[in-house]
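Heads up: the structure comes next, in structure tokens.
The values are calculated or read from the model by the stated rules, or taken from the named source; none is laboratory data. What you are looking at is a predicted structure, and each value in this text was computed from that prediction instead of being measured. Every residue, glycine as well, gets a Cβ built from its backbone with ideal geometry; the counts of neighbours run over all protein chains shown.
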């Protein structure tokens, strides 16, 4: 049987009809899209609006904490500055670390070791300096708000980066020179001897493995390192939040600012 060969001329009407049908179907689909997109848009807008509403105050349970820690924790939770993630507050003055869940509830806290030098800023380029070239006055734990990032150091140990560029992290308390007595410093009730590291935050291994690392890896977290040469308000732009905040003068204006953020 001889095969029928189509010429370009005989195929044109067929192609035109097919293209016309395809165009009609595409137009109908585009017209139908708003019917399905609108509910999704309303749902997203509702979720966004809920996130902008003031959150609850931080929940410390029965634990007592320094005024600066309470101040920053309440501000973070109330303004939702933690973006629905867990958050960690490091109080350098008291050499203590606090871990909160995403709703602002305190999970636990622990003493830590910090940078030897007093200061709230890192020296530019310090992250690429060999340890042997870092001066004593440069061994600071920088203050600020940081996104916690799990990672590994050059030894292959898992750590949590605070400031990757400055090579500042949170990690387990590890063995160091005997004269530094790091474990003993951690165990004493006197926070003044907890300043011994090159800038990193040394955490008790049990707390790191049982509280800090699981919280950061499962929920994501922001780290707030409190300053020691300035106020939290100066460093974070924070403000005081009290249980009767909604009845305080100026709160209506402040709430409107939050909703427009």
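Structure above, values below:
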| item | result |
| --- | --- |
| Residue under evaluation residue 166, criteria (1) surrounded by fewer than 19 Cβ atoms within 10 Å (Cβ to Cβ); (2) modelled with pLDDT under 95; (3) within 26 Å of the chain's Cα centre (by Cα), criterion not met | (1) |
| Residue count, the range 153-192 (criterion: touching a residue at least 12 places away in the same chain (Cβ under 8 Å), part of a loop (DSSP other than H, G, I, E, B) and more than 19 Å from residue 206 (Cα to Cα)) | 5 |
| Residue within the range 84-99 that is assigned to a strand (DSSP E or B), more than 16 Å from residue 225 (Cβ to Cβ) and modelled with pLDDT of 95 or more present | no |
| The range 200-212, residues that are surrounded by 17 or more Cβ atoms within 10 Å (Cβ to Cβ), over 18 Å from residue 167 (Cα atoms) and out of contact with any helix residue (DSSP H, G or I) (no Cβ under 9 Å at 6 or more places or on another chain) | 207, 208, 211, 212 |
| Matching entry among 145, 213, 206 (being closer than 26 Å to residue 103 by Cβ, in a strand (DSSP E or B) and modelled with pLDDT of 95 or more) | 145 |
